[in-house]
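First the structure, in the form of structure tokens, and then the observations on it.
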Amino acid sequence: DAMVIQNPRYQVTQFGKPVTLSCSQTLNHNVMYWYQQKSSQAPKLLFHYYDKDFNNEADTPDNFQSRRPNTSFCFLDIRSPGLGDAAMYLCATSTAGEQPYNEQFFGPGTRLTVL
Amino acid sequence: SQKIEQNSEALNIQEGKTATLTCNYTNYSPAYLQWYRQDPGRGPVFLLLIRENEKEKRKERLKVTFDTTLKQSLFHITASQPADSATYLCALPGYSSASKIIFGSGTRLSIRP
């Protein structure tokens with residue numbers, strides 16, 4: 001089945017130690033998104049790629065960066081994780097631009113713990 | 001900026017009853033609105049989309065209404081079941097980009113047997 005895959009599902013890192021979260025998709029969608037979600041809060045968009053074009057949200061900290069080496073893969077790099085970065089990180093895809101209504105397909109998420 | 005409001009209090013109802021969740025928004029006239037379901041520890045799953053020129057949309061036991069005058073959407077689950085227990089999120093297109101959506105914080109629904 002076509003899907004969005006996130007690895008790992010659970011990630012533990014130490015304060016200040018760089019960490020990379022991975023997302024891959026078999027849907028061949030042109031747009032990929034990274035969201036941060038904290039408990040009982042809305043998913044907060046960090047950035048998205050429209051094809052190869054990177055779009056950063058204005059309030060996304062510089063500590064967060066992303067790479068999309070090809071259509072299928074997207075990575076979230078947290079350069080120096082702080083305790084406040086502990087959250088669920090969600091990857092999503094869509095065909096925005098090919099369809100106007102932007103239904104998004106989410107992966108299962110990676111739960112990040114910062115010690 | 002856009003603001004999306006969903007009832008932050010959990011909604012607890014008896015199995016078999018109709019659950020009604022509310023999504024209000026301000027400072028925007030969206031072309032569409034979406035509803036997602038999110039189970040604990042999982043990513044959201046798309047349920048329904050309703051366009052601005054549609055008053056109502058149905059899918060099996062789900063019904064969504066969209067009142068652009070009131071700036072409100074209602075999400076109904078009829079004949080509710082314990083398996084419907086989850087958090088339900090509404091989402092609107094991003095004001096500055098058609099490729100983004102902005103989520104509300106969701107309403108947690110619990111259906112008791």
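The values are calculated or read from the model by the stated rules, or taken from the named source; none is laboratory data. Please read all numbers here as calculations on a predicted model, not as lab measurements. No Cβ is skipped: glycine too gets one built from the backbone with ideal geometry, and neighbour counts run over all protein chains shown.
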*Check B:THR65, B:THR69 and return the single one that is in a loop (DSSP other than H, G, I, E, B) and either more than 14 Å from every other protein chain (Cβ to nearest Cβ) or free of Cβ contacts under 8 Å to residues at least 12 places away in the same chain (or both).*
B:THR69
*asked:* I need a count of the residues in segment B:39-56 that are at the interface with another protein chain (Cβ under 8 Å from one of its Cβ atoms), exposed (fewer than 13 other Cβ atoms within 10 Å of the Cβ) and either over 22 Å from B:SER85 (Cα atoms) or among the aliphatic types (A, V, I, L, M) (or both).
replied: 0
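How many residues does segment B:18-38 hold that are basic (Lys, Arg) and at the interface with chain A (Cβ under 10 Å from one of its Cβ atoms)?
Here is the first cut: in segment B:18-38, the residues basic (Lys, Arg) are B:37.
Still in the running and at the interface with chain A (Cβ under 10 Å from one of its Cβ atoms): none.
The total comes to 0.
Could you run through segment A:17-41 and say how many residues are small (Gly, Ala, Ser) and at pLDDT 95 or above?
We begin by selecting, within segment A:17-41, every residue small (Gly, Ala, Ser); these are A:22, A:24, A:39-40.
Filter once more, so that each one left must be at pLDDT 95 or above: A:22, A:24.
Number of matching residues: 2.
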_Any residue at all in segment A:26-33 that's under 10 Å from the mean Cα position of the chain (by Cα), surrounded by 16 or more Cβ atoms within 10 Å (Cβ to Cβ) and either more than 10 Å from chain B (Cβ to nearest Cβ) or touching a residue at least 24 places away in the same chain (Cβ under 8 Å) (or both)?_
yes
*Of all residues in segment A:73-115, count the ones that are basic (Lys, Arg) and within 8 Å of chain B (Cβ to nearest Cβ).*
1
